[in-house]
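Let me begin by presenting the structure, written as structure tokens, before commenting on it.
The values are calculated or read from the model by the stated rules, or taken from the named source; none is laboratory data. Here the structure is a predicted model, which is why all the values come from computation and not from measurement. Cβ atoms come from the backbone with ideal geometry, glycine included; neighbour counts cover every protein chain shown.
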Amino acid sequence: MKEFDNQVALVTGGSTGIGRATALAFARKGAKVVIASRRVKESEETVQLVKEAGSEAIFVQTDVTKAAEVESLINQAVKTYGRLDYAFNNAGVEGKIAPITELTEDDWDNVIDTNLKGTWLLMKYQIPQMLKQGKGAIVNNSSGFGLVGYGYLSPYCASKHGVLGLTKSLALEYSKVGIRINAVCPGAIATEMQDRVSSGEQARAQMVAAHPIGRLGEAKEVADAVVWLCSDAASFVIGQALAVDGGFTVQ
């Protein structure tokens with residue numbers, strides 16, 4: 001028996017990067033995995049990788065900013081596998097890198113709607129199913145920039161700070177009824193998003209230097225933290241923001 005046998009995990013933003021790594025980490029522990037993303041080809045590749053890891057998976061194309069699509073996602077997960085035990089709310093965008101004077105209202109709305117509203121909508125529809133089951137675990141993906149500020153990424157920082165406030169508030173609301181809600185706060189992780197934020201050798205070197213460990217993180221390192229927060233080993237962990245950041249935020 002594996003730790004998560006007969007359990008079901010939902011991973012949004014599961015097409016690549018941290019999301020894909022987390023889907024595979026759940027699969028290796030025995031969980032069936034529901035992959036949600038807007039990207040079809042990459043998500044189908046994740047489904048295949050989950051199957052190669054010895055588990056089951058489905059892909060549900062989802063825009064997490066749309067309530068109807070999020071509700072349909074949860075319904076399809078439960079219709080397919082009968083339950084929902086774990087959720088990693090990971091879908092997010094970094095947005096435009098620029099001073100506030102150069103940002104438009106659409107720039108702001110795009111980031112806030114995806115990163116913050118999307119996380120809110122996902123929990124709005126995940127929690128009722130977990131209440132029916134009497135237990136569940138949710139991990140939201142915030143960021144090291146949800147703990148500290150960073151210039152020229154103000155909408156992103158605001159959204160990720162908001163994710164932590166949402167995490168803490170709902171953790172208090174539902175901890176007594178068996179639903180544990182926490183967050184991870186990754187530092188710079190070697191993913192496509194990080195390549196966009198720090199493109200070029202000089203920018204990458206600066207980002208590496210900003211982390212006391214002296215390197216970028218790996219997606220698997222965040223995935224392992226997510227899976228741990230969902231496990232019984234973290235049964236007394238409620239409403240926490242776990243920094244997986246190579247020391248970035250303790251400087």
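Brief remarks on what is shown
- Considering residues of region 93-117 that are touching a Lys or Arg at 6+ places or on another chain (Cβ under 9 Å) and at pLDDT below 95 only, the residue surrounded by the most Cβ atoms within 10 Å (Cβ to Cβ): Glu94
- Residues in region 101-112 include at least one that is within 21 Å of Val184 (Cβ to Cβ) and of a type in the set (A, V, I, L, M, F, W, C).
- Residue count, region 97-145 (criterion: in a strand (DSSP E or B) and among the hydrophobic types (A, V, I, L, M, F, W, C)): 3
- Among residues of region 87-116 that are free of Cβ contacts under 8 Å to residues at least 60 places away in the same chain and within 17 Å of Ala183 (Cβ to Cβ), those with a Cβ under 9 angstrom from a residue that is among the charged types (D, E, K, R) and assigned to a helix (DSSP H, G or I), sequence gap 6+ or separate chain, pair up as Asn115/Lys160; Leu116/Lys160.
- Filter pass, Tyr125 being among the hydroxyl-bearing types (Ser, Thr, Tyr), crowded, with 16+ Cβ neighbours inside 10 Å, in contact (Cβ under 8 Å) with a residue 40 or more places away in the chain and touching an Asp or Glu at 6+ places or on another chain (Cβ under 7 Å): yes
- Residue in region 169-191 that is surrounded by fewer than 21 Cβ atoms within 10 Å (Cβ to Cβ) and farther than 15 Å from Gly239 by Cα present: yes
- Selected residue [assigned to a helix (DSSP H, G or I), of a type in the set (A, V, I, L, M, F, W, C), more than 11 Å from Ala223 (Cβ to Cβ) and in contact (Cβ under 8 Å) with a residue 24 or more places away in the chain] from Val50, Val60: Val50
- Being of a type in the set (Val, Ile, Thr), surrounded by 14 or more Cβ atoms within 10 Å (Cβ to Cβ), more than 21 Å from Lys124 (Cα to Cα) and modelled with pLDDT under 95 is a property that Val208 has.
- Region 180-220, subset charged (D, E, K, R) and assigned to a loop (DSSP other than H, G, I, E, B), residue nearest to Gly162 (Cα to Cα): Glu218
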